[in-house]
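Please treat every number below as a calculation from the coordinates, not as lab data. For clarity, every value in this text was computed on a predicted model and none was experimentally measured. Ideal geometry is used to build each Cβ from the backbone, glycine not excepted, and the neighbour counts take in all protein chains shown.
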Amino acid sequence: MTSKSSFIDKTAMAGSWLSTLLTMAVPAVLLAFLLHRSMPAWSVSLFFGETPPLDAMLHGEPVFDGIWPACVGTVALVALSTLIAIPLGVASGIYLAEYAHGRLGTLFSFCVDMLAGIPSVLIGLFGFSLLLLIRKTVAPDANTGLLLSALCLAILVLPYLVSTTRMSIAGLPSELRLTGASLGLSHNQVVGRILLPSAMPGIFSGVILAIGRAAEDTAVILLTGAVANAGTPGSLTGNYEALPFFIFYLSAEHQSPEELAQAFAAALVLLCLTGVMLGFARLLQARLDQKWKTGHLN
Amino acid sequence: MTVRLLHCAAAVSALSVLAIFGFLLWFSLPVFQGGALAALFSWHWRPMQGEFGILPMIAGSLCLALPTMLIAFPVALGLCAFIHGMGPAWAARPLIGMVRFMTSIPTVVYGLVSVFLLVPLLRSSLSGSGFSWLAAMLTLSLLVLPTIVLILDNQFRMIQSEIGLGALALGLTPAQQLLRLTLPLSSRGLLMAAALGFGRAIGDTLIPLMLAGNAPLLPHSLLDSIRTLTSHIALVVATDSQSAAYSSLFACGLILFIASFLVNLGLHDLRNVRRKGHD
Amino acid sequence: MENRTPELNPTAIRIENLSISFDGRHVVSGLNLKIPQGGPTFLLGRSGSGKTTLLRAINRLNECLPGCETNGSVSLKLDGEWQEAYAPGMHAEDLRRRVGMVFQTPNVLPLSIERNISLPLEVALSMPRAESNARVEQALRDVHLWDEVKDRLTAPSISLSGGQQQRLCLARALALQPQILLLDEPTASLDFKAAQQIEELLDELKARYTLVVVSHSLGQAHRIAEHVFVLRDGNRIDALPRQTFKDKDMLLAAMDELI
């Protein structure tokens, strides 16, 4: 080894160690800072303010000064958007993997990849302009709200679902298809009863990405209905609260140190809430997997 | 019947991107028709005086995204190199796990921590309010870093699965294998990661919104306040100041869309060349 | 090219002027063949002579591979009637339910042992649980696997040994109650003992099914074949007389001469 290449080797080594140490510090500092600054806010009133928790959760008593409505809003957003996006995305992925051929398939794929690269604020702008159009034409009283936001979030997370589904199915061993065919299954049956269940782990990784993305997005909901104070979402239209927006709003507009501490606590709550939703997704995946592999649940 | 349903689903997914483009185009039409196009390309955004120049925002987007990539890409490469040979083998899995965790942290949380940790730091050690080009740049680098690492990691793994055993048989250490074989072979993968990272950086709204200060002016120093196309859109819509400003907003959106389209076209070409090369 | 089989058994499969190409490349051209009922009928030949493609033409599995074009006719005696495999009205799925196939490498589905058999029954035959349970047990008994797995039917099929997996694949094919069984080098990936078990099984099954076996193993053909055909370059097929393949040396000599 010449001394020149040895110098490059050593610099590269030093550079990579430095990068790693720097990067490792980040999540540690982040979490520590969040914990530290959120300390004052941890209590039941963080979630429910002055309202008794059970009344708020079961009887719909309005909550002021608490993040419960924002939590409900976030969960509602994720649920609605994934309800729209998952069937659409998985169906599209199946189509692109198994039925689309030639130019049409390439065109569709390009469009979906394009969608993946679009800044989220443009999708929010699209939703906003859609509403303007609806107001001018069919429904002058239409409003921003959960439905519009969920629709836009669905568009946002669609590419994750389409590409993970497509890659999972395309990546299955080809013997699986031949085996299915040799057993007298039609193409549709092979796709639906063998390929799709086999590709579940991959598909669910897309679902998990989608859930995470829908829970954390701020730019889209900023333009389509999220506000700082709206109470627990009562309908699909009309303003609502969501955790990411709550955090964003308080970071700029907090009136007191207590409110700021709430923002930090909300950040941790968002992380935990996302974790819980992901946990549910993994549980569902395990159950589906068991049903597929053994024919029944138990 | 089922196949037709699937076809429709795929069509809807593909058409949604066209719908977005269509709406942007439609709503920015007043700008083109009214001859206000020239007025858009000015350096002054003063809606109260009827000036809707968006050049400062275009400059802001570029000034933020490019330096961010200059910081984030080398660090991501260094980290990925560490995972794939420069560092001890046992560290690879926990590090990837840590990077995955970092991608799952919401953007708003990065912003929040930066506002109350980085900004005061800048304010006290340097001049200005702290809400600056520099603050946004550093935080955005942190944000796109894990994404770039994961893409690079994927690329490296693909290549190493092809050459790994052969390289070991030649007596190369993992570090040498990485530096001398994997890296040169993954030039396309590096380009792809850079393109994707750039797309991510230019498309982010929240970091510039929370940290860059939002003055629609061309920056002269790192501590100046800037505004990007993305934060501009969010600000104008959210404040709902003047609907006269709306058309210029959609023009901003159109510019962002075209930029994103070009990045995607480049990525598409890179992917196709890679595939052909492998055949 | 004609074959010269004396018709001891009635014909079960009639192949006329069969030509198959993939993306324009001919693998099989102008083949004529009559496969008798029962068997086992062995198809021998060098690698690349088109044996597997010929076998797959019988259950139209070649259509699942890209760029395939098939010309000529394949007729099968099913339920006492002659059926044209490539007739416009014949659905490939229906054909494949009556013509079972076993592959070279055991291709168990990534499911439990029991589900490997019950899933095709449920999907291909729309069979309710109760009925399919009985068929599963019968199929596993037919391949002498029942006693080995009856206590762990819900275990993953990949936990079985190679020989057991291949028997499971055979059971899976038998559960659909086909009339013809196509076996593509069924013992190629198995150890000696497992191969022996499969050969004994084939010997039992030949009374109830028409068996067509593609094989590389002259020894296997010598041991269990009832009829032997040798395929050359995809366009020439010769029948070997019984006394030839029942004598090891004569078989070897004949093969040397033919290919």
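In the range A:1-104, what chymotrypsin sites (Phe, Trp or Tyr not before Pro) fall in a loop by DSSP, with at most 11 other Cβ atoms inside 10 Å? Before the final figure, lay out the partial values.
Values: sites: A:Phe7, A:Trp17, A:Phe33, A:Trp42, A:Phe47, A:Phe48, A:Phe64, A:Tyr95, A:Tyr99; in loops: A:Trp42, A:Phe64.
Filter output for the range A:1-104: A:Phe64.
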*asked:* If I model a spin label at A:Ala32 and A:Glu175 as a point 7 Å from the Cα along the Cα→Cβ vector, what separation in nanometres do I get?
replied: 5.2 nm
*Amide H neighbours of C:Val102 under 5 Å, counting only residues 5+ apart in sequence or on other chains, H built in-plane at 1.01 Å?*
C:Leu182, C:Leu183, C:Asp184
_Could you sort the peptides B:144-151, A:122-129, A:137-144 by per-residue average Cβ neighbour count (10 Å cutoff), highest mean leading?_
A:122-129, B:144-151, A:137-144
*Among all lysine pairs in the protein assembly as shown that are eight or more places apart or on different chains, how many have alpha carbons less than 21 angstrom apart?*
10
*Cα gyration tensor shape of the protein assembly as shown, rounded if a/c is under 1.5, else prolate or oblate by comparing a/b with b/c*: prolate
*asked:* What is the angle, in °, between the Cα long axis of helix B:187-203 and the longest principal axis of the Cα atoms in chain B? Nearest 10 is fine, range 0 to 90.
replied: 30 degrees
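In the protein assembly as shown, what percentage of the DSSP-assigned beta bridges are antiparallel, given to the nearest 5?
60 percent
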*Arrange C:Lys206, C:Lys51, C:Lys193 by Cβ neighbour counts within 10 Å, fewest through most, would you?*
C:Lys193, C:Lys206, C:Lys51
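Run the numbers on the range B:1-76 and let me know its relative contact order in percent, using alpha-carbon pairs under 8 Å that are six or more apart. Please list the in-between numbers first.
On the way: 33 pairs, mean separation 10.5, N = 76.
14 percent.
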*What percent does the relative contact order of chain A come to when contacts are Cα pairs within less than 8 Å and at least six residues apart?*
25 percent
*Is chain B rounded, prolate or oblate when judged by the Cα gyration tensor, a ≥ b ≥ c being the square roots of its eigenvalues, rounded requiring a/c under 1.5 and prolate requiring a/b larger than b/c?*
oblate
*In whole Å, how far is the Cα centre of the range A:4-26 from that of the range A:231-288?*
38 Å
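Let a ≥ b ≥ c be the square roots of the eigenvalues of the Cα gyration tensor of chain A; is it rounded (a/c under 1.5), or, if not, prolate (a/b larger than b/c) or oblate? Write out the running numbers ahead of the final one.
On the way: a/c = 1.74, a/b = 1.24, b/c = 1.41.
Cα axes put chain A in the oblate bin.
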*asked:* How are the alpha carbon pair distances in the range C:11-258 distributed across 10 Å bins from zero to the largest one, expressed in percent?
replied: 7, 31, 36, 21, 5, 0
*What is the average number of partner chain Cβ atoms found within 10 Å of a Cβ in A:21-29?*
5
*What list do you get for A:Trp292, B:Trp43 if you sort them by fewest beta carbons within 10 Å?*
B:Trp43, A:Trp292
*Return A:Ile203, C:Ile113 ranked ascending by Cβ neighbour count within 10 Å, so the fewest neighbours appear first.*
A:Ile203, C:Ile113
*Using a simple charge model, +1 on the beta-carbon of Lys and Arg, -1 on the beta-carbon of Asp and Glu, nothing else, what dipole does the range A:1-103 show about its Cα centre, in debye to the nearest 20?*
740 debye
*Take every residue in peptide C:103-109, count the Cβ atoms of other chains within 10 Å of its Cβ, and give the average of those counts.*
3
*What is the range A:98-230's relative contact order, in percent, from Cα pairs under 8 angstrom and six or more apart in sequence?*
39 percent
